[in-house]
Amino acid sequence: MEYDFKKVEKKWQDYWYSHDCFKAIDFDSKPKYYALIEFPYPSGAGMHIGHIKAYSSMEVVSRKRRMQGYNVLFPIGFDAYGLPTENYAIKNNIHPRIVTDRNILTFTNQLKSVGLSFDFDRVIDTTKEDYYKWTQYIFLRLFKKKLAYKSFTYVNYCPTCKVVLANEDSQGGHCDRCGSEVIQKQKDVWFLKITDYSQKLLDGLDEVDYPARVKQEQINWIGKSVGAEINFKIKQNNENLTVFTTRPDTVYGVTFMVIAPEHEIIEKYSSCITNLDAIKEYQIAAQKKTEFQRTQINKDKTGIKIEGLTGINPITGKEIPIYVADYVMTGYGTGAIMAVPAHDTRDYEFAKKFNIDIIPVIEGGDISKEAFTDIETGTMINSDILNGLSVKDAKDKIIEYLESNSIGHKMVNYKMKDWAFNRQRYWGEPIPIINCPNCGYVSDDNLPLKLPYIENFKPGNDGESPLADIKEYVNCKCPKCGKDAKRETDTMPQWAGSSWYFLRYCDPRNDNELANMEKLKYWLPVDWYNGGMEHVTRHMIYSRFWNNFLFDEGLVPVKEPYKKRTCIGLILGRDGQKMSKSLGNTVDPLEIVNEYGADTLRVYILFIGEYDQPAPWSDEGIKGVKRFLERVLRFDEKLNDKEGYSPSLENLIHKTIKEVGNDIENIKFNTAISKLMVLSNAYSKEESITKDDLMVLLKLLNPFAPHMCEEINEKIGNKECMVFSKWPDYDEAKTIDNEIDIAVQVNGKLRGTFKIAKDSSKEEMERRAFEVENVKVHINGKEIKKVIVVPNKIVNIVAI
RNA sequence: GCCCGGGUGGCGGAAUAGGUAGACGCACAGGACUUAAAAUCCUGCGGAAGGCGACUUCCUUACGGGUUCAAUUCCCGUUCCGGGCACCA
């Protein structure tokens, strides 16, 4: 029999998509299941092999759920705003709208050519007015709750892309997109106050099912630390200089203070400072450094003492010098620290370099050599009222002291910074804000605020958006007072549209609200969200923030959007390196589909290795999968007329149903497929098999290789397509073997095996163990010390 | 520097409430079918040694220790690879 996979796969794709097989039905009485994948950015390069791997896990789960009787929502869309499209458009002089539409069309066809069971009726495109209208709406809700604000600040600026970058997009001091070195630039830009949700985002992690490492990464990203703020006095003017510390208990060890170069007191008290010129010089030098250079850990400590300002330790009354140094960051805590060189490596290095006293306040360590930082436990010394206390008690006592004397209080700090919510680019959601000289920033509630269709979308000079050049866009009337005003010309960052797309899927065509509450109540939360490790911090935290906010606004019914999250491991190139165009080691999924068929590709991608681990592509490996599927294709030739399962296969069938089901739920697709191979190998060895035998295999295989299974199903005379065929049940009692192999060890070494009925008594097992010939040889002439019998498993004889 | 993963045949990888290491697949070798090749089917396949032989023995889960009747699995130390965070006070 010739199996023409191209023809067959096309046939079933046409059937499924034209018969609405994957349509999610609002308010259906079946239990709902919402499976989500990270929607793609429709790049010109089209679908990558990684996309298929990323989608295939939820694809298998969705198909299985449909067979289990669920009403499944498995949607797809396009996160289409962003730089690559815009850069491509500029280079080729084609409008990004045209490029985007073209790419989405290509992508859609490619997705369908793999037979993915998305509900294509709910497709969303973040760049369409009916979608970004609601992205703008959410922004305005944030603005009205003062969670969106404009601030004059230093920003990371990429001189090549001519855009301001979020810290997240410029890690390592280089632009995420082009790799250019990022420079610091002052600009007035929009921020979202995600920091107001720091604690909520932490607390939410307790109620969701994410892998431990995912939670840990989010916890680290948010970076909570508990400590205290303490007001030190400045001797010359009796003003406060407030510091944040996680170790208020070490306050007796403070021998100097350090402020960040940007700290306001330099300007404020400049009249007191006698070496102002030198300090200004240091400030300028620090400003020139990029964020990256400043955070290089191994570089020498630099700094300069402020002459004319002296700090006073509010606990001891001792006078201490104040330094400016760029190892203190302006954006964290108060931008000023109390330095305890005896117990902090950075302070220690600084103190050594500037010859400052080092006073240990916790017992242990040798401060002549290095800072003693292992101080979670220990006993306080040199600390007056804290002497002799444990670290924990000292913390409590000093905070109580600070609070009762109004010189400080308990304080929590987070590393996470507010979200820089702006791009100086054309291809993004316009920010619907009007700047009125009279009223200040005013929301433009007339949504959508359309992105004008312009010819010149190249970035403006000096970090301005190209929209700034369009007079008729910029110039407008203030909605409040009616006077002449100017429109915001920055657009939203790439992360905006993806921060709420999972909500829109629940009600994608709603023109009156971002999504109907009843529909959201029906579908949310997302039951299972699969995607890349690289989106675990940025995208996931941003979208959890938006969802939490919308919950507070009463617009969504759940706090946490994603009930369960799993992550995918990369498919590496044939050479074991990460696939990249520059290395020339990419694998084109369409070529593979063309050569082997979609089913083979789908199965191979999941068989290649552990789903969340990286694994190299192998052209040899895929052939084995092809052979397996072709063997299954031939089973219809050996069907007999009997009913039910063949007695010789029954046990294995029940076992396979159980294990394949479990493996799918535990994202262990590689072992699920290997168990299907084992079952099919058993079928091969049979003279003939029953139709029921075959149907079980087809049903278990259907989520992985659906085209082929449909074809066989039809060929053997079944009328109904397999999408809603019933997932097979198993009988627990029949998964257990009646006869068990028992291993016999002598002194821990395997010396033989025997078969015995399951649940045989210990006595019986022991008796049989001693009958094994090779066992007799090994215990000959020795004294039996002990016999360990583990029912249904093993007998170990200890003999000396 | 800190926090997570991971190290098993020629290769991708199985097996951990401790209990026959190497499932499944690839590659390779031998055989069947064929005029031939491809495809397919059968057999073997961690390493070493012994035996004509069914077999037997020793070694083997990065390295070194430990706990245990029994360790890929648990504990301690070392090392290498991957990811995340990083002068965060």
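Things worth noting here:
- The one condition from (1) in a helix (DSSP H, G or I); (2) without any contact (Cβ under 8 Å) to a residue 60 or more places away in the chain that A:K30 does not meet is (1).
- Set A:N640, A:N702: member being modelled with pLDDT under 95 and either away from RNA strand B (no atom under 12 Å from the Cβ) or open to solvent by 50 Å² or more (accessible area, probe 1.4 Å) (or both): A:N640
- A residue that is at pLDDT below 90, more than 15 Å from RNA strand B (Cβ to nearest atom) and open to solvent by 20 Å² or more (accessible area, probe 1.4 Å) can be found somewhere in the range A:144-152.
- Residue list for the range A:654-673, filter: under 17 Å from A:D612 (Cα atoms), out of contact with any strand residue (DSSP E or B) (no Cβ under 8 Å at 6 or more places or on another chain) and either open to solvent by 10 Å² or more (accessible area, probe 1.4 Å) or within 10 Å of RNA strand B (Cβ to nearest atom) (or both): A:N662, A:D663, A:E665, A:N666, A:K668, A:F669, A:N670, A:T671, A:A672, A:I673
- For the range A:612-619, the criterion of a residue being within 30 Å of A:E732 (Cβ to Cβ) and within 9 Å of RNA strand B (Cβ to nearest atom) is satisfied by at least one position.
- Members of the range A:662-680 found to be of a type in the set (A, V, I, L, M) and in a helix (DSSP H, G or I), listed by number: A:I664, A:A672, A:I673, A:L676, A:M677, A:V678, A:L679
- Residue in the range A:338-360 that is surrounded by the fewest Cβ atoms within 10 Å (Cβ to Cβ), counting only those that are closer than 25 Å to A:N240 by Cβ and in contact with an Asp or Glu (Cβ under 8 Å, 6 or more places away or on another chain): A:A351
- Members of the range A:321-337 that are within 11 Å of RNA strand B (Cβ to nearest atom) and either free of Cβ contacts under 8 Å to residues at least 12 places away in the same chain or open to solvent by 30 Å² or more (accessible area, probe 1.4 Å) (or both): A:Y327, A:M329, A:T330, A:G331, A:Y332, A:G333, A:T334, A:I337
Rundown of residues vs (1) more than 11 Å from RNA strand B (Cβ to nearest atom); (2) surrounded by 16 or more Cβ atoms within 10 Å (Cβ to Cβ); (3) over 25 Å from A:N651 (Cβ atoms); (4) under 55 Å from the mean Cα position of the chain (by Cα), yes/no style:
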residue: A:L750; (1), (2), (3), (4): no, no, yes, yes
residue: A:A757; (1), (2), (3), (4): yes, no, no, yes
residue: A:S761; (1), (2), (3), (4): yes, no, no, yes
residue: A:M765; (1), (2), (3), (4): yes, yes, no, yes
residue: A:F770; (1), (2), (3), (4): yes, no, yes, no
residue: A:K782; (1), (2), (3), (4): yes, no, yes, no
residue: A:V790; (1), (2), (3), (4): no, no, no, yes
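- Within the range A:376-430, tally of residues that are open to solvent by less than 50 Å² (accessible area, probe 1.4 Å) and in contact with a His (Cβ under 7 Å, 6 or more places away or on another chain): 1
- Candidates are the residues of the range A:734-748 that are open to solvent by 70 Å² or more (accessible area, probe 1.4 Å) and within 13 Å of RNA strand B (Cβ to nearest atom); the one that is farthest from A:V798 (Cα to Cα) is A:E739.
- Condition met for A:K299 (at pLDDT 90 or above and among the basic types (K, R)): no
- Filtering the range A:718-764 to residues that are of a type outside the set (D, E) and under 30 Å from A:W12 (Cα atoms) leaves A:N718, A:K719, A:C721, A:M722, A:V723, A:F724, A:S725, A:K726, A:W727, A:P728, A:Y730.
- Top-ranked residue of the range A:220-239 - restricted to ones that are open to solvent by 50 Å² or more (accessible area, probe 1.4 Å) and in contact with a helix residue (DSSP H, G or I) (Cβ under 7 Å, 6 or more places away or on another chain), ranked as nearest to RNA strand B (Cβ to nearest atom): A:W221
- Single unsatisfied condition, A:I608 versus (1) of a type in the set (V, I, T); (2) under 26 Å from A:M67 (Cα atoms); (3) open to solvent by less than 10 Å² (accessible area, probe 1.4 Å): (3)
- Scanning the range A:680-694 for residues that are in contact with a helix residue (DSSP H, G or I) (Cβ under 8 Å, 6 or more places away or on another chain) and near RNA strand B (Cβ under 10 Å from one of its atoms) yields A:S680, A:A682, A:S684.
- Test: A:Y730 is open to solvent by 20 Å² or more (accessible area, probe 1.4 Å) and of a type in the set (F, W, Y): yes
- Within this structure, A:E720 fails the test of being within 30 Å of A:L639 (Cβ to Cβ), open to solvent by less than 90 Å² (accessible area, probe 1.4 Å), modelled with pLDDT of 90 or more and under 50 Å from the mean Cα position of the chain (by Cα).
- Scanning the range A:51-78 for residues that are open to solvent by 20 Å² or more (accessible area, probe 1.4 Å) and in a loop (DSSP other than H, G, I, E, B) yields A:Q68, A:G69, A:Y70.
- The helices (runs of 4 or more DSSP H) found wholly in the range A:477-561 and carrying at least 2 residues that are buried (at least 23 other Cβ atoms within 10 Å of the Cβ) and not charged (D, E, K, R) occupy A:501-504, A:538-552.
- Number of the condition not met by A:T250 [criteria: (1) touching a helix residue (DSSP H, G or I) at 6+ places or on another chain (Cβ under 9 Å); (2) β-branched (V, I, T); (3) open to solvent by 10 Å² or more (accessible area, probe 1.4 Å)]: (3)
- Any hit, the range A:363-370, residues being out of contact with any Pro (no Cβ under 8 Å at 6 or more places or on another chain), polar (S, T, N, Q), more than 15 Å from RNA strand B (Cβ to nearest atom) and modelled with pLDDT of 90 or more: no
- When residues in the range A:6-50 are screened for being polar (S, T, N, Q), closer than 23 Å to A:I104 by Cα and open to solvent by 50 Å² or more (accessible area, probe 1.4 Å), 1 of them pass.
- When the range A:602-623 is limited to residues that are hydrophobic (A, V, I, L, M, F, W, C) and under 14 Å from A:F669 (Cα atoms), the one that is modelled with the lowest pLDDT turns out to be A:A615.
The values are calculated or read from the model by the stated rules, or taken from the named source; none is laboratory data. These numbers come from a predicted model, not from an experiment. A quick note on method: Cβ atoms are made from the backbone with ideal geometry, for glycine too, and the neighbour counts reach across all protein chains shown. Ligands, DNA and RNA are stripped out before the accessible areas are found, and what is left, the full protein with its side chains, is counted by its heavy atoms. Shrake-Rupley method; radii C 1.70, N 1.55, O 1.52, S 1.80 Å.
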